[in-house]
Amino acid sequence: MSGFPWRSRLTIMFSLMLALMLSILPLPDLIAPFRPDWLLVVLIYWSIALPHRANVGTAFVAGLLLDLLLGSVLGVRALALVIPVYLATSQFQRMRNYSVWQQAFVVAGLVMLNKLLIFWTAYLNSETQVDYHYFWSIVSSMLFWPWIFLLLRKCRRQFSLT
């Protein structure tokens, strides 16, 4: 089905828009620190599965959209998404050979890098302090990775995306 490249683009854009919505969805204060980094996890999946369709450029645009939606300094989350997605894209063949749980640990490392980049840029702009609640999303992203991986893989196979 390589004659339908629009199907791949629409599916990727829809999943990224859904991840953006989940990223800005208001949550109660008790569970807000446990929110997975939906956008980064979805970007990592697409950069591993279809690196020619979703790559660093896609991550940059998605990061700018997330900055606009969150009202943060423009470019902070774009930078914080580009670097982990670049690392995932550059090693996509190796990551494809890992089991889903091994991939989950790699995703946890990439989410930690994302969190540290966001904290670093926030610290440069103002005197921000970090507490342990800031890093709970790393654990939740790692635990959600197998289900996100299986769901997006099923979508990719069902729609024959290439």
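The values are calculated or read from the model by the stated rules, or taken from the named source; none is laboratory data. This one's a predicted model, so the numbers in the text were calculated from it and none came from an experiment. Note that each Cβ is placed from the backbone with ideal geometry, even for glycine, and that neighbours are counted across all protein chains shown.
State whether the residues of the stretch 81-97 include one that is surrounded by fewer than 19 Cβ atoms within 10 Å (Cβ to Cβ), touching a Phe, Trp or Tyr at 6+ places or on another chain (Cβ under 9 Å) and part of a helix (DSSP H, G or I). No - not one qualifying residue is present in the stretch 81-97. With the condition kept exactly as written, say whether any residue in the stretch 17-24 is among the hydroxyl-bearing types (Ser, Thr, Tyr) and in contact (Cβ under 8 Å) with a residue 24 or more places away in the chain. Yes, the stretch 17-24 contains at least one residue that is among the hydroxyl-bearing types (Ser, Thr, Tyr) and in contact (Cβ under 8 Å) with a residue 24 or more places away in the chain. The residue of the stretch 98-139 that is farthest from Gly57 (Cα to Cα), among those that are of a type in the set (S, T, N, Q) and not in a helix (DSSP H, G or I), is Gln129. Is it true that Pro5 is of a type outside the set (A, V, I, L, M, F, W, C), closer than 15 Å to Thr58 by Cβ, free of Cβ contacts under 8 Å to residues at least 24 places away in the same chain and out of contact with any helix residue (DSSP H, G or I) (no Cβ under 9 Å at 6 or more places or on another chain)? Judged against the criteria, Pro5 is a match.
Table: residues versus (1) over 18 Å from Trp38 (Cα atoms); (2) in contact (Cβ under 8 Å) with a residue 60 or more places away in the chain; (3) not hydroxyl-bearing (Ser, Thr, Tyr).
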| site | (1), (2), (3) |
| --- | --- |
| Asn97 | yes, no, yes |
| Phe105 | no, no, yes |
| Val111 | no, yes, yes |
| Ile118 | no, no, yes |
| Ser137 | no, yes, no |
| Leu161 | yes, yes, yes |
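Note on the stretch 4-61: among residues that are part of a helix (DSSP H, G or I) and charged (D, E, K, R), the one that is modelled with the lowest pLDDT is Arg7. Residue pairs whose Cβ atoms lie under 7 Å apart, sitting 6 or more positions apart in sequence or on different chains, and linking a residue in the stretch 69-94 that is without any contact (Cβ under 8 Å) to a residue 40 or more places away in the chain to a partner that is among the β-branched types (Val, Ile, Thr) and in a helix (DSSP H, G or I), are Val82/Val56; Tyr86/Val56.
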